[in-house]
Every structure is written in structure tokens, then in C-alpha cells.
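The block underneath contains the structure these notes are about, expressed in C-alpha cells.
Values in this text are rule-based calculations from the coordinates and carry no lab data. What you see is a predicted model, and the numbers here were worked out from it, not measured in a lab. Here the Cβ positions follow ideal geometry from the backbone for every residue, glycine too, while neighbour counts run over all protein chains shown.
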Amino acid sequence: MNVASAKALVTGGSSGIGLETARLLISRGARVAICGRDRSKLDLEANEIGALPIQADVSVEADVVRMIWTVVDHFGEDYNVLINNAGFGYFAPLVETKTEEMQRLHATNVLGAMMVARESAKHFLSQRYGHIVNVASTAGQRGYAGGTAYASSKFALHGMTECWRAELRKSNIRVMQINPSEVQTPFFAASGRERPASPRKLQPSDIAGAIVSMLEMEDRGFVTEMAVWATNPE
């Protein structure tokens, strides 16, 4: 697609990968809405990059429905790109995994992603055109110790991506997935697993560039899935 014609929604857009993706899309001429739960942080970042801020919690269905209609109302019938990025991490050994924490994580990472995609797909189907990029993780390709909650959510997103692609492809809707490896964002600090910074690890801008490159392919084709790893991390 011509990214300058994009009218995009980036969920989890007030920090990390979401914010950098929104920033890059806007720099290429796109109009972008970002959502987040923290009103003050959301407004600050939206003002800085020139995005439309929409306060919403993707795990709450009423918020999701309101958010999509706000995007359509603001951008008109041209809303055509969803960057399905909202999510967080929770890590613990199996015997220490708390039911309520796993339910909370899946409510955002799985159910939230589904609801945002569902409401967006209704609009994309009506115009027979659109793009959905699900931000998953290499954790959705291989499990690891302590990853019961997070990895299972990303495996689920991978499965949903394949289902949506099978359903929507015939209506000119490209459903894509990107699997970042470890990226230096507030994600790890928020999950209690802060890692030391390193110039050899991935940056949010690296993933933003990969996402935009997927969108930029001519609409006759698409990259179904992309994994991004640091070349030689410390």
C-alpha cells in the first residue's frame, strides 16, 4: 500500500513499539490514532507525534467498540490499517502461576486483540479493503521456562492470525504478524523483568521499520509473518 494513504489505529500506542510505529507512519504521511489506558501519558505522546489520542482499555468490550467508531468518525470511511499491538507480560514458573494474573493477561493479549480486530474487520469488510498487523512475539514460536502465561497468549494470537487470514484474504484484507525477539522497551520493567540496556539489542524503531515495510508492499502480495531477532545481542 501507499503508506501516505494509511488511516491507522495503533493499540498500545503511547510507548514502546506502538509509539515508534505510530511516529514512523505519521512521518510517512499517514493519519494515525493511538490508544492507551493512561490519559496523561497518551495525550502527551499523541501531541508530540501528531496522533489522535483515544483512551481505551482493549480488554473492555465497550471501550473497544467506542474506540473503533471514534476512529471511523474521525478518519471517515478511509480507516484501513490496524496495528494490533496492545499487550503486557507476566512471567512465573508453572507452580507459581496465579490464575487471576493469567486471566488478566489473556483478557488483554488474546481477547483484547480479538475484539479490536473483530470491530476493525467489520469496517474493512464493508469497504473490501484493509490491513491488520498483529504484534506477536518469538515467544509465540517456542515456549520457555517461566513463560506459561505470556507465551500461551502469543501462541493464541498466532493461531487467531491464521484464522483471520483464511477468512479475510478473499475480501482484500491482508492479515500479517510480526514476531519481535527481545526489544528494549518499558515492557520488561512493567513485568518485573527489567534487563540491562545494550546498543546490540533491538530497539522499538527496528520493529516499527519492519512493520511499515510489511505495509508498503504492493497490495497484490503480502508478508504473512516476519520474525525479527537481534544479530548478536549481549
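Modelled spin-label separation between V228 and L94, with each label point placed 7 Å from Cα along the Cα-to-Cβ direction: 3.3 nm.
In summary, the convex hull built on the alpha carbon positions of the stretch 3-228 has an orientation-averaged projected area of 11.7 nm². Could you tell me which residue out of A210, G29, V64 lies farthest along the dipole of the stretch 3-228 toward its positive end? Charges go on the beta carbon: Lys and Arg +1, Asp and Glu -1, centred on the Cα centre. Value: A210. Classify the stretch 25-78 as rounded, prolate or oblate from the Cα gyration tensor: take a ≥ b ≥ c as the square roots of its eigenvalues, call it rounded if a/c is under 1.5, otherwise prolate when a/b beats b/c and oblate if not. Oblate. As a ratio to 2.2 N^0.38 Å, the alpha-carbon radius of gyration for the stretch 148-190 is 1.48.
Considering only G112, G50, G87, the Gaussian network model of the chain with Cα springs below 10 Å gives its largest mean-square fluctuation to G50.
Computed about its Cα centre, the charge dipole of the stretch 32-86 is approximately 120 debye, with only Lys, Arg, Asp and Glu carrying charge at their Cβ. Only lysines eight or more places from K154 in sequence, or on another chain, were considered; those with a Cα closer than 20 Å are K98.
How long is the gain from E162 to A197 if the chain were fully straight, where each residue apart is worth 0.36 nm and the alpha carbon distance is subtracted? All intermediate terms of the calculation are to be shown ahead of the outcome.
Values: separation 35, 0.36 × 35 = 12.60 nm, distance 3.39 nm.
Length gained between E162 and A197: 9.2 nm.
In percent, rounded to a whole number, the relative contact order of the chain is 21, using alpha-carbon pairs under 8 Å and six or more apart.
Could you work out the helix-only [θ] at 222 nm for the chain, with each DSSP H run of four or more residues adding -39,500 (n - 2.57) and the total divided by the number of residues, to the nearest 500 deg cm²/dmol? The partial results should precede the final answer.
Numbers: 8 runs with 99 residues, N = 234.
Mean residue ellipticity, 222 nm, calculated: -13000 deg cm²/dmol.
Put a plus charge on the Cβ of each Lys and Arg, a minus charge on the Cβ of each Asp and Glu, and nothing anywhere else: the dipole of the chain about its Cα centre is then about 340 debye.
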